[in-house]
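Here's the structure we're looking at; comments come further down.
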Amino acid sequence: MTGDRPSATEFFLGTLLSVPGRIADATIRRPPPYRWVLARARTPQAQTALAAEHAVVEGLITRLGAVDGVVHVVTQVNDRRVHPGLGLDPGRRLELICQLAATAYFATALEIPELLRRIDAAEVADWGAGLHHDPRRPHPPGSVADALAYYRHGGRHPDGSPRDSPRLYALGTALSWDEPGRPPVREPNTTMFNSSFSQYTDDPAAAGLVEAARAEHGLILRLSRSGAGGPQRPGYFTVPRGWRRRGH
């Protein structure tokens, strides 16, 4: 009905009144100045949170490296500062997200089932906890039990359908390994992420170290930590939107 639609005057006024809000939102979504980012990332609160995140990463690497038959090869660490886009939730409410991402490579000559049993005994991480359950699989996806079932049943579900290669998953952490007959795990690269505000471990020799370790031991493991712990914890330190408008 005509009465349900706004008149041309009402439409014009509504559009005009919305312009200041659109301009303000577009302004605040511009990437913050690099000096501002560094200032926020160097606050005592951010540095304390960064140290705690480093301890988590180092704990994972230490526990996996201590597994009998596993040798640590090289680690890449990326302290990245992300300016979220409008579509990221809860990132759309944040001005800045600091994440510590890491990728560590290990080598082993163990058979994979034995390797998995030793990793399980070492309690490297809480593998498979909190992940979506696949009704075709008797064990939680990402768990050691699920990975062992993959090898026990020849890479198939109990109903006989083929399965994807197994991986171990914990909150923000994943462990993959060279799988016979499939492409090997991705080797290191110089820059881990495409981020404007990244500080990463630059080790051009890392890929060569992994290649040499694969030739010597036979199998490479890749432990990756994303730096995000789920929607409620997008990074180790965050800055809410509006700080720059309040003069911070």
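What to note about this one:
- Members of the stretch 16-37 that are part of a helix (DSSP H, G or I), modelled with pLDDT of 50 or more and under 18 Å from Pro240 (Cβ atoms): Trp36, Val37
- Residue in the stretch 48-56 that is polar (S, T, N, Q) and open to solvent by 80 Å² or more (accessible area, probe 1.4 Å) present: yes
- Residue, modelled with the lowest pLDDT, within the stretch 61-118, restricted to residues that are under 15 Å from Gly227 (Cβ atoms) and assigned to a helix (DSSP H, G or I): Gly91
- Near pairs, Cβ below 7 angstrom, 6+ apart or cross-chain, from the stretch 159-176 (more than 20 Å from Ala129 (Cβ to Cβ)) to any residue that is assigned to a strand (DSSP E or B): Pro162/Arg156; Arg163/Arg156
- Pairs meeting the criteria (first residue in the stretch 39-55 and at pLDDT below 95, second residue of a type in the set (Val, Ile, Thr) and crowded, with 17+ Cβ neighbours inside 10 Å, beta carbons under 7 Å, at least 6 apart or on different chains) are Arg40/Val239.
- Count of residues meeting criterion [assigned to a loop (DSSP other than H, G, I, E, B) and either more than 28 Å from Gly227 (Cβ to Cβ) or open to solvent by 60 Å² or more (accessible area, probe 1.4 Å) (or both)] in the stretch 141-175: 12
- Residue count for the stretch 124-140, restricted to those that are open to solvent by 80 Å² or more (accessible area, probe 1.4 Å) and either modelled with pLDDT of 95 or more or of a type in the set (Phe, Trp, Tyr) (or both): 0
- Residue that is most open to solvent (accessible area, probe 1.4 Å) [pool: residues in the stretch 106-123 that are among the hydrophobic types (A, V, I, L, M, F, W, C) and within 23 Å of Pro184 (Cα to Cα)]: Ala109
- Residue match in the stretch 70-87 (condition: over 30 Å from Asp203 (Cβ atoms), open to solvent by 30 Å² or more (accessible area, probe 1.4 Å) and either of a type in the set (A, V, I, L, M, F, W, C) or in contact with an Asp or Glu (Cβ under 9 Å, 6 or more places away or on another chain) (or both)): yes
- For the condition modelled with pLDDT under 65 and either under 22 Å from Asp126 (Cα atoms) or among the charged types (D, E, K, R) (or both), Glu58 does not qualify.
- Checking each residue in the stretch 31-59 for being charged (D, E, K, R) and within 17 Å of Pro84 (Cβ to Cβ) picks out only Arg40.
The values are calculated or read from the model by the stated rules, or taken from the named source; none is laboratory data. Quick caveat: nothing in here was measured; it's all calculated off a predicted structure. A quick note on method: Cβ atoms are made from the backbone with ideal geometry, for glycine too, and the neighbour counts reach across all protein chains shown. Each accessible area value is taken on the protein alone, full model and side chains, heavy atoms only, with ligands, DNA and RNA left out. Shrake-Rupley method; radii C 1.70, N 1.55, O 1.52, S 1.80 Å.
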